[in-house]
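Below is one structure, written out as structure tokens; comments come after it.
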Amino acid sequence: MMKIHTMIAEDEQLAREELIYLLEKEKDVKLLPNAETGKQLVELYKEYEPDVIFLDVHMPGMRGVAAAKKIMELAYIRAPLFIFTTAYEDYAVEAFEIEAVDYMLKPYDTERFQMAMNRLRKRMQQLKSKEEGPSNQGMTSSAKLLIDNDDRTIVLSPDAIYYAMPHNRVLEIHTEDKVIYSRMSLQELEKKLQGHAFFRTHRSYLVNLNHIQEITPWFNGASNITLRDKKQTTIPVSRTARKHLFELFGS
């Protein structure tokens, strides 16, 4: 059973304990350390990268919605899902501006909580299906890419690419025996490669899954992958990316 890594951001102790009590009953939920301020939430997100955050709208220092927007800026593979909590109905519109999964009023109602959890599971399944689709469907080695390289346009097969990374304001596209430089961004290349077996292992690396030789543990839940190129290139894999990477491989 896949666990939903869950974080609570709530400064009121009683409300926090009530939510912990409800979540502990859910078999597919793994609770992470709690945050009591918006700033603390941002720091804990960087360390634990939860799947979902139950976030109080009224947080000391940095309001809940502001903290959510900051976290969305930091996320590079998939931002966490948010379920907002508050004692006031007036903030529902603000919460849904960031496409929150749900909005729960305090004190919590058990039936309403279950409705929020059902919505959460449904959204997570939709995201998983969307992520798996391009990796398992429509892959073809016959399609060609046009890569602008200074005053030339290079025709390149996606399968020839081992990995790509930005460096010194240009994009380095690494093949078996050469590096192609382009002014396009990593995001633009990733978009061009939709439908092929490429994966963002890190904010700055796009890797061809077909050229991975091995995955080895590193530290703090992160990993490294080694490619099959001549240099046996090592690429970092963040903790969040590692989880999604193993899901793609069916593990």
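The rows are residues; the columns are (1) aliphatic (A, V, I, L, M); (2) touching a Pro at 6+ places or on another chain (Cβ under 9 Å); (3) under 24 Å from E99 (Cβ atoms); (4) part of a loop (DSSP other than H, G, I, E, B).
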position	(1), (2), (3), (4)
T6	no, yes, yes, no
L23	yes, no, yes, no
K27	no, no, no, yes
M59	yes, no, yes, yes
Practice task
Answer yes or no: is there a residue in region 44-54 that is surrounded by fewer than 19 Cβ atoms within 10 Å (Cβ to Cβ), over 19 Å from G221 (Cβ atoms) and not assigned by the TED database to the domain that holds R239.
Solution key: no
Problem - All positions within region 223-245 that are in a loop (DSSP other than H, G, I, E, B), at negative phi and either of a type in the set (S, T, Y) or touching a strand residue (DSSP E or B) at 6+ places or on another chain (Cβ under 6 Å) (or both) - result: R228, T233, S238
Practice task
Take the residues in region 1-51 that are among the aromatic types (F, W, Y) and at pLDDT below 95, then tell me which one is nearest to V237 (Cα to Cα).
Solution key: Y48
Handout entry: Of the criteria (1) surrounded by 12 or more Cβ atoms within 10 Å (Cβ to Cβ); (2) under 18 Å from the mean Cα position of the chain (by Cα), which one H211 fails
Key = (2)
Exercise for the section: Go through the residues of region 196-205 one by one and say whether even a single one is in the same structural domain as K243 (by the TED database), farther than 27 Å from R78 by Cβ, of a type in the set (S, T, N, Q) and assigned to a loop (DSSP other than H, G, I, E, B). Expected result: no
Exercise for the section: Tell me, please, whether a residue that is touching a Ser or Thr at 6+ places or on another chain (Cβ under 6 Å), touching a residue at least 24 places away in the same chain (Cβ under 8 Å) and closer than 30 Å to T6 by Cα can be found in region 211-225. Expected result: yes
Handout entry: Any chance I235 is free of Cβ contacts under 8 Å to residues at least 40 places away in the same chain and surrounded by 15 or more Cβ atoms within 10 Å (Cβ to Cβ)
Key = no
Handout entry: Where N210 falls short, out of the listed (1) of a type outside the set (D, E); (2) at pLDDT 85 or above; (3) under 13 Å from A164 (Cα atoms)
Key = (3)
Exercise for the section: Can you tell me which residue within region 158-177, out of those that are at pLDDT 90 or above and part of a loop (DSSP other than H, G, I, E, B), is nearest to L227 (Cα to Cα)? Expected result: Y162
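This table checks each residue for (1) farther than 25 Å from Q114 by Cα; (2) out of contact with any Lys or Arg (no Cβ under 6 Å at 6 or more places or on another chain); (3) buried (at least 18 other Cβ atoms within 10 Å of the Cβ).
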| site | (1), (2), (3) |
| --- | --- |
| K27 | no, yes, no |
| P33 | no, yes, no |
| T37 | yes, yes, no |
| Q40 | yes, yes, yes |
| V57 | no, yes, yes |
| V65 | no, yes, yes |
| A68 | no, yes, yes |
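The values are calculated or read from the model by the stated rules, or taken from the named source; none is laboratory data. None of these values were measured; they are calculated from a predicted model. Positions of Cβ are generated from backbone atoms using ideal geometry, with glycine treated the same way; all protein chains shown enter the neighbour counts.
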